[in-house]
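The values are calculated or read from the model by the stated rules, or taken from the named source; none is laboratory data. Bear in mind that the values here come from a model prediction, so they are computed numbers and not experimental data. Using ideal geometry, Cβ is built from the backbone for each residue, glycine included, and neighbour counts are taken over all protein chains shown. Note: accessible area is taken over every heavy atom of the protein model, side chains too, but ligands, DNA and RNA are not part of it. Shrake-Rupley method; radii C 1.70, N 1.55, O 1.52, S 1.80 Å.
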Amino acid sequence: MTKDQSNAMWGGRFAAGPDAIMEAINASIGFDRRLARQDIEGSRAHAAMLAETGILSSKDAEAIREGLLTVLSEIEGGTFAFSTALEDIHMNVEARLKEIIGEPAGRLHTGRSRNDQVATDFKLWVRDQIDAAVAGLEALIRALLAQAEAGAEWVMPGFTHLQTAQPVTWGHHMMAYVEMFGRDMSRFADARARMNECPLGAAALAGTSFPIDRHATAQALGFDRPAANSLDAVSDRDFALEFLSAASICAMHLSRFAEELVIWSSAQFRFVTLSDRFSTGSSIMPQKKNPDAAELIRAKIGRIFGANVALMTVMKGLPLAYSKDMQEDKEQVFDAADNLMLALAAMEGMVRDMTANRAALEAAAASGFSTATDLADWLVRALGLPFREAHHVTGALVALAEQKGCDLPGLSLSEMQQVHSDIREDVFSVLGVHNSVASRVSYGGTAPTQVRAQIGRWKDRLG
């Protein structure tokens, strides 16, 4: 492609082509080629509408339709020759279309601009990524549900400040992440619903004088309606920012879970065993089995957060309507989407393959005075103590157990009565971890009955 040929795509305003530096900074084809399918989809819908409204002849529309399918097959087949001189995916496609079908290709751009074209392409691409993210989240949730169902009654320590707090069940812990990732699904769905307005036909910024039918193109491309303001339509990147915001929150949830898997799979905890498929070894220490997949998921959040901040920074000072700054909107979104999908797939695989060590979980659940709150509640119920006094008595019993080097069930009744004389033998019924979790029957609690109810609710929701 010569400079004269590339100038022809711009029109007659420029006498000379850009030098190498300008070409390098101006071109986006190195990354926006990923929009090829969406670009051709939008062009086909636009051409069909031009024919339906009589702006384009049916003969030219058919030539354009067939030519675009040929271009798409070349791109998908890896035979398409992308040109930096042609700047972006839109001009690359249009130039190749002209080579294939000749003069009718020049009519395709009637009633639109690259400004509304790229906004449409990008929206279609982000919409597809949202659908993929929702599917990935659903697969992860199903893996968590399987873990929760298998371990609905398995006791484990619940933590605050990473210190033993109260016994919970393995199923309850898994279901906490189901709720988190469920909210992520809803955030993506909300963003999709809000973004589903079509920019095509807004043209450069003011609309067009051609009698186009924007409702027809919106419907053909699966949008709910055309965007209502042409200035907003070409300058809006809220949809990309909402995707990045939802992706950032989702990545944060993935990172929290990854951190727990790193801790739980350590020799000090041994709560879980990760499969060999998602672990690596050491080049020097033969005993090592490293949770590298979890660690990499934990690190991915930096790239996704960074993409969100980068695009916010690009957009924060731009006047209406389009500015070339907005060419910097895609690379961050592409990178964030790639890394989010990779992290979701890796987490789903780890969750499906991992094995919980029930014995280690139960042993840890019974340590660290995890039933102290149950003891305090018993003092309130059985002896009628005010909770603050019961809290004080329990604290004294914990201190006594620490001195003896045992847990609360290791204290004798007489030792407990030295702290409070009214304590009775049936106090020991609340000091077992299984009794503790079984008693937490409030809605959303850790009792196995509640865990199974929540599993059933989610199975019904997912279908």
Positions within region 338-367 being surrounded by 17 or more Cβ atoms within 10 Å (Cβ to Cβ) and of a type outside the set (A, V, I, L, M), in sequence order: 339, 348, 349, 352, 357, 362
One residue from 320, 296 being out of contact with any Cys (no Cβ under 7 Å at 6 or more places or on another chain), on the phi < 0 side of the Ramachandran plot, open to solvent by 40 Å² or more (accessible area, probe 1.4 Å) and in contact (Cβ under 8 Å) with a residue 60 or more places away in the chain: 320
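Give 111, 67 a once-over and let me know the one that is modelled with pLDDT of 95 or more, assigned to a helix (DSSP H, G or I) and small (Gly, Ala, Ser).
Values: 111 fails: assigned to a helix (DSSP H, G or I).
So the residue among 111, 67 that is modelled with pLDDT of 95 or more, assigned to a helix (DSSP H, G or I) and small (Gly, Ala, Ser) is 67.
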Condition check for residue 62: open to solvent by 20 Å² or more (accessible area, probe 1.4 Å) and closer than 29 Å to residue 338 by Cα: no
Residue 78 vs. criteria more than 24 Å from residue 200 (Cα to Cα), under 31 Å from the mean Cα position of the chain (by Cα) and modelled with pLDDT of 80 or more: yes
Verdict on residue 161 being under 29 Å from residue 251 (Cα atoms) and out of contact with any Ser or Thr (no Cβ under 6 Å at 6 or more places or on another chain): yes
Close pairs from region 151-175: first within 18 Å of residue 367 (Cα to Cα), partner aromatic (Phe, Trp, Tyr) and open to solvent by 10 Å² or more (accessible area, probe 1.4 Å), Cβ under 7 Å, at least 6 apart: 165/159; 169/154; 170/154
Odd one out for residue 91, checked against (1) within 30 Å of residue 348 (Cβ to Cβ); (2) in contact (Cβ under 8 Å) with a residue 40 or more places away in the chain: (1)
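Got a sec? Which of 269, 305 is surrounded by fewer than 22 Cβ atoms within 10 Å (Cβ to Cβ), among the aromatic types (Phe, Trp, Tyr), in contact with a helix residue (DSSP H, G or I) (Cβ under 7 Å, 6 or more places away or on another chain) and not in a helix (DSSP H, G or I)? I'd like the intermediate steps shown before the answer.
Details: 305 fails: not in a helix (DSSP H, G or I).
None of the others qualify; the one that does is 269.
Might you check whether a residue that is within 27 Å of the chain's Cα centre (by Cα) and among the aromatic types (Phe, Trp, Tyr) occurs anywhere in region 201-217? Break it down into steps so the answer makes sense when it comes.
Within region 201-217, the first condition is being within 27 Å of the chain's Cα centre (by Cα), and the residues that meet it are none.
Within region 201-217 (the criterion being within 27 Å of the chain's Cα centre (by Cα) and among the aromatic types (Phe, Trp, Tyr)), the answer is no, since none of the residues qualifies.
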Selected residue [under 45 Å from the mean Cα position of the chain (by Cα) and within 26 Å of residue 364 (Cβ to Cβ)] from 393, 433, 427: 433
Output for region 204-216, where each listed residue is over 10 Å from residue 111 (Cβ atoms) and in contact with a Pro (Cβ under 8 Å, 6 or more places away or on another chain): 215
Boolean, residue 119 is modelled with pLDDT of 95 or more, surrounded by fewer than 17 Cβ atoms within 10 Å (Cβ to Cβ), within 34 Å of the chain's Cα centre (by Cα) and in a helix (DSSP H, G or I): no
Odd one out for residue 8 among (1) open to solvent by less than 70 Å² (accessible area, probe 1.4 Å); (2) among the aliphatic types (A, V, I, L, M); (3) at pLDDT below 60: (1)
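Given the options 88, 32, 39, name the one that is crowded, with 21+ Cβ neighbours inside 10 Å, among the acidic types (Asp, Glu), touching a helix residue (DSSP H, G or I) at 6+ places or on another chain (Cβ under 7 Å) and modelled with pLDDT of 95 or more. Don't jump to the end; show me each part of the working.
Details: 88 fails: modelled with pLDDT of 95 or more; 32 fails: modelled with pLDDT of 95 or more.
That would be 39, the only listed residue that is crowded, with 21+ Cβ neighbours inside 10 Å, among the acidic types (Asp, Glu), touching a helix residue (DSSP H, G or I) at 6+ places or on another chain (Cβ under 7 Å) and modelled with pLDDT of 95 or more.
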Residue 331 being touching a helix residue (DSSP H, G or I) at 6+ places or on another chain (Cβ under 6 Å), open to solvent by 40 Å² or more (accessible area, probe 1.4 Å) and farther than 30 Å from residue 153 by Cβ: yes
